[in-house]
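What follows is a short report on a single structure.
The values are calculated or read from the model by the stated rules, or taken from the named source; none is laboratory data. Predicted model, so just to flag it, every value in this text is computed and none were measured. In this analysis, Cβ positions are derived from the backbone assuming ideal geometry, glycine residues included, and neighbour counts consider all displayed protein chains.
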Amino acid sequence: MTAKLDEKLVPIYQDVLHRNPGEKEFHQAVHEVLETLGPVLVKYPEFADKKIIQRICEPERQIIFRVPWQDDQGEIHINRAFRVEFNSALGPYKGGMRFHPSVYLGIIKFLGFEQIFKNALTGLPIGGGKGGSDFDPKGRSDDEIMRFCQSLMTELYRHLGEYTDVPAGDIGVGGREIGYMFGQYKRITNRYESGVFTGKGLDWGGSRARTEATGYGTVFFTHEMLKARGDSLDGKTVVVSGSGNVATYAIEKCHELGAKVIACSDSQGIIVDEKGIDLKALKQIKEIERRRISAYTEIHKDAKYVEGGNIWSVPCDVALPCATQNELNASDAKTLVENGCIAVAEGANMPTTPEGILLFQDAKICYGPGKAANAGGVATSALEMQQNASRDSWTFDYTQKRLEEIMIDIHKNCYETAAEFGSEGNYVLGANVNGFLRVAKAMTAMGVI
Ligand SMILES: NC(=O)C1=CN([C@@H]2O[C@H](COP(=O)(O)OP(=O)(O)OC[C@H]3O[C@@H](n4cnc5c(N)ncnc54)[C@H](OP(=O)(O)O)[C@@H]3O)[C@@H](O)[C@H]2O)C=CC1
Ligand SMILES: N=C(CCC(=O)O)C(=O)O
């Protein structure tokens, strides 16, 4: 790690390392928050007496279980799944499910820890949690995905509920997977509990604008950062990593706001289209045909595909990492800044390494951390829960307007908190401290639980 910790926080971090050996992504997420909490303990010494930080760093519950399932050829497979119910001070545990072969407990705990503060920043009544599995959905048939989701839910259902723990999507988990998990939950419990999952389909309780929300919200946040400096997204050249749910709708909102996205990626390579990414083609390839991004050049012959290419080598004004953690390192950050990049906003969770963050901050460019910039997804999930609870269904425009207002508020609160603590423009400190204070005050009120 790079930035130094306040001496009062060093033993807390050492204890996290001791209790959670080998979970390097979780260590990274904790360190990034602890780096900014020194001044908070000066202003609120009572939080040290109540051991609030130590309690937040220890999940309330960690569930690990086996998921056996059969493929279309009848072969049996065994995967491991997780649900980390991290913190319920502000509401039921709320966070996605990630299906990816790289998933292990340390990944879920980093995601769940980030989720605590992200959910707090929305100002909505949701706690922090996360789950997932090392199951790889790539290349699997719909029936295999269904059988896996049913087997996973047969174990997990007992821990879920609209007032207890509410999963949603993340890498490898979209509307299809949510549908199969919700269906099995309903079958086992014999309850139509709409609010137990978010990201549901529009035909069965989903919220309009939820599919678009994370990507849209990241762009709204970017726009706010630029506006705070008297600038805007209009006319800017943008590079977006990933080509999944978050990336697709970040591209869509960039184009709506007058920017031009010229590159995006998947885990195999990057495409560069100087005329601007054709979103219709991208959605057809990724959402409908579930193919590799390389197929884009079959439609647009003058676009360029680079197998294994580094998307951060493409010169741009704005960079939106929307793929996965630690995808943007110090060398990438240096290249972006040298090429004239003036703003980075994280659609993905923890995509920039600690060294990359420091480089962006030293360069004094706009840098929006994921817990603030990508909170639009979970915020709209909370709006889906509101609609479900009131047996209502809002219009797209009304829901998008609520989302935009929430993102404007998150930016304002982060900006003002950073200034209050003497670090104007430091959105990492602003997001961490503003989110932490919301959780800490609730935990203090609820006693030592
Ligand atoms: N969905 C949501 O509501 C929210 C998601 N996020 C975060 O946004 C990011 C993207 O999630 P989402 O769009 O939902 O997921 P998707 O599965 O829809 O898309 C993930 C994208 O990232 C790429 N990717 C995944 N893993 C890697 C890797 N190890 N190396 C390179 N590329 C990779 C995928 O490429 P390929 O297809 O080749 O694997 C794909 O293009 C994640 O960090 C997630 O945690 C944050 C807030 C909300
Ligand atoms: N994957 C998500 C969305 C979580 C949710 O909508 O509950 C995230 O905020 O990282």
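List of remarks:
- Residue ranges of helices (runs of 4 or more DSSP H) in region 340-400 with at least 2 members within 14 Å of ligand 2 (Cβ to nearest atom): 370-373, 376-389
- Residues satisfying the stated conditions in region 361-377, i.e. hydrophobic (A, V, I, L, M, F, W, C) and either at pLDDT below 95 or surrounded by fewer than 21 Cβ atoms within 10 Å (Cβ to Cβ) (or both): 363
- Output for region 260-287, where each listed residue is more than 15 Å from residue 313 (Cβ to Cβ) and in a loop (DSSP other than H, G, I, E, B): 266, 267, 268, 273, 275, 276, 277, 278
- Selection status of residue 380, free of Cβ contacts under 8 Å to residues at least 60 places away in the same chain and either over 20 Å from the mean Cα position of the chain (by Cα) or crowded, with 24+ Cβ neighbours inside 10 Å (or both): no
- Contact map, region 290-303: residues that are under 14 Å from residue 269 (Cβ atoms) and within 16 Å of ligand 1 (Cβ to nearest atom) paired with residues that are acidic (Asp, Glu) and not in a loop (DSSP other than H, G, I, E, B), Cβ distance under 9 Å, separation 6+ or inter-chain. Pairs shown: 294/307.
- Residue match in region 305-316 (condition: within 14 Å of ligand 2 (Cβ to nearest atom) and touching a residue at least 60 places away in the same chain (Cβ under 8 Å)): no
- For region 141-158, the condition of being within 16 Å of residue 23 (Cα to Cα) and of a type in the set (Lys, Arg) holds for none of the residues.
- Residue satisfying condition, being surrounded by 21 or more Cβ atoms within 10 Å (Cβ to Cβ), within 22 Å of residue 87 (Cβ to Cβ), among the polar types (S, T, N, Q) and not assigned by TED's automatic domain parsing to the domain that holds residue 253, within set 434, 388: 434
- Comparison of 314, 318 shows that the only residue that is surrounded by 19 or more Cβ atoms within 10 Å (Cβ to Cβ), away from ligand 1 (no atom under 15 Å from the Cβ) and farther than 11 Å from residue 271 by Cβ is 318.
- Test set (1) over 22 Å from residue 395 (Cα atoms); (2) within 16 Å of ligand 2 (Cβ to nearest atom) - residue 207 fails condition number: (1)
- Which listed residue is charged (D, E, K, R) and under 20 Å from residue 413 (Cα atoms), from 346, 355: 346
- Cβ-Cβ contacts under 9 Å between residues 6 or more apart (or on different chains), taken from a first residue in region 320-349 that is on the phi > 0 side of the Ramachandran plot to a second residue that is buried (at least 23 other Cβ atoms within 10 Å of the Cβ) and not in a helix (DSSP H, G or I), are listed as 326/350; 326/351; 326/352; 340/316.
- Residues of region 238-270 satisfying the condition of being among the acidic types (Asp, Glu) and under 20 Å from residue 403 (Cβ atoms): 252, 256
- Yes/no for residue 262 being among the β-branched types (Val, Ile, Thr), closer than 22 Å to residue 332 by Cα and surrounded by 21 or more Cβ atoms within 10 Å (Cβ to Cβ): no
- The set of residues from region 230-259 being surrounded by 24 or more Cβ atoms within 10 Å (Cβ to Cβ) and closer than 15 Å to residue 312 by Cβ comprises 238, 239, 240, 241, 242, 247.
- Scanning region 153-189 for residues that are in contact with a Ser or Thr (Cβ under 9 Å, 6 or more places away or on another chain), β-branched (Val, Ile, Thr) and away from ligand 2 (no atom under 11 Å from the Cβ) yields 164, 188.
- Tally of residues being within 16 Å of ligand 2 (Cβ to nearest atom) and in a loop (DSSP other than H, G, I, E, B) across region 226-253: 2
- Filtered residue count, region 317-339, keeping only those that are of a type in the set (D, E, K, R), in a loop (DSSP other than H, G, I, E, B) and out of contact with any Lys or Arg (no Cβ under 6 Å at 6 or more places or on another chain): 1
To keep it simple, each residue is scored yes or no on (1) within 27 Å of the chain's Cα centre (by Cα); (2) hydroxyl-bearing (Ser, Thr, Tyr); (3) outside any loop (DSSP other than H, G, I, E, B).
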| site | (1), (2), (3) |
| --- | --- |
| 3 | yes, no, no |
| 6 | no, no, no |
| 12 | yes, no, yes |
| 18 | yes, no, yes |
| 33 | yes, no, yes |
| 36 | yes, yes, no |
| 39 | yes, no, yes |
| 55 | yes, no, yes |
| 59 | yes, no, no |
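- Tabulated pairs, region 64-78, first over 10 Å from residue 148 (Cα atoms), second polar (S, T, N, Q) and assigned to a loop (DSSP other than H, G, I, E, B), C-beta under 7 angstrom, 6+ apart or interchain: 72/141
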